[in-house]
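Accompanying notes for the structure given below.
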Amino acid sequence: MTTTLQALGTNIVTLDVDAIVNAANSSLLGGGGVDGAIHRAAGPELLSECRTLGGCRTGEAKITRGYRLPARFVIHTVGPVWHGGAAGESGLLASCYRSSLALAVRNGVRSIAFPAISCGIYGYPIEEAAEIAVATAQAFVLEVETLHSILFACFSDEVLDAYRRLLRKG
């Protein structure tokens, strides 16, 4: 089976997929951007469950139920803050995608949607972040056959264009 990788200009909280990925902060207790939108859409039960998880380290992932979201699960991952590229940011960002995908597979997820992790307030350059996201997802699906669909939910035309250029290269 071939996994479909696709970029969409859409709001991640509206997607009817098995899991959406939350670009969370290390507390997992909500924040701005994608994190805040997911917490608002999922309802207070998500925050209650997140309180039981003990936070999350950069590059790692944890899973919760989706509650009021169309998605069954939310996979929370903490992306790196951009410090110019010499502080291990690329390895940490790739680890966010690998950790999230591995956790998805362990939980029977067949369709998953990612935001542009670390591209908001964490300041990661969009082109570099998109390259890492696409390359990591492409490498992962060569090893795992259970994922049907990986979507990249893009919050702006600039992000969408970056992902679509990379996916066309295939």
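Normalised by the number of residues in the chain, the average gap of Cα pairs under 8 Å and 6 or more apart makes the relative contact order 32 percent. Other residues within the sphere of radius under 12 Å centred on the Cβ of TYR67, judged by their own Cβ, net out at +2 (K and R +1, D and E -1). Give, as ranges by residue number, the residues of segment 78-108 whose backbone N falls under 17 Å from the point 7 Å along Cα→Cβ of HIS148. Answer for this model: 104-108.
Within the listed set LEU53, LEU151, LEU28, the residue fluctuating most in the Gaussian network model of the chain (springs between alpha-carbon atoms under 10 angstrom) is LEU53. Legend: calculated FRET efficiency, ALA86 to SER156, from the Cβ-Cβ distance at R0 = 30 Å, rounded to 0.05, equals 0.65. What the phi angles of segment 70-79 give under the Karplus curve with 6.51, -1.76 and 1.60, with θ = phi - 60°, is a coupling list of x, 6, 5, 10, 10, 9, 9, 9, 10, x Hz, glycine and proline written as x. Remark on ALA7: its backbone amide H falls under 5 Å from those of PHE152, a criterion applied only to residues 5 or more positions apart or on other chains, H modelled at 1.01 Å from N. Among the listed values [x] -1.11, -1.41; [y] -0.97, -1.25; [z] -1.08, -1.24, the one matching log10 I(q)/I(0) by the Debye sum over Cα atoms at q = 0.17, 0.19 Å⁻¹ as calculated from this structure is [y]. Charge tally for SER90 (other residues, Cβ to Cβ under 10 Å; Lys, Arg +1; Asp, Glu -1): -3. On full extension, the segment bounded by ALA139 and ALA102 gains 12.1 nm, given 0.36 nm per residue less the C-alpha separation. Each label point was placed 7 Å from the Cα along the Cα-to-Cβ direction; for ARG110 and LEU29 their separation is 3.8 nm.
Charged neighbours of GLY79, selected by a Cβ distance under 12 Å, balance to -2 (K, R count +1; D, E count -1). Modelling each spin label as a point 7 Å along the Cα-to-Cβ direction, I'd like the THR52/ARG65 distance in nm, to one decimal. For THR52 paired with ARG65, the spin-label model returns 0.9 nm. When the helices of the chain are scored as -39500 (n - 2.57) per DSSP H run of n ≥ 4 and the total is divided over every residue, the value at 222 nm lands at -12500 deg cm²/dmol.
Any read-out appearing in this document is the output of simple, stated calculations on the displayed coordinates, not a laboratory observation. Every value quoted in this text rests on a predicted model; they were computed, and no experiment measured them. Neighbour counts run over all protein chains shown; Cβ positions are idealised from the backbone, glycine included.
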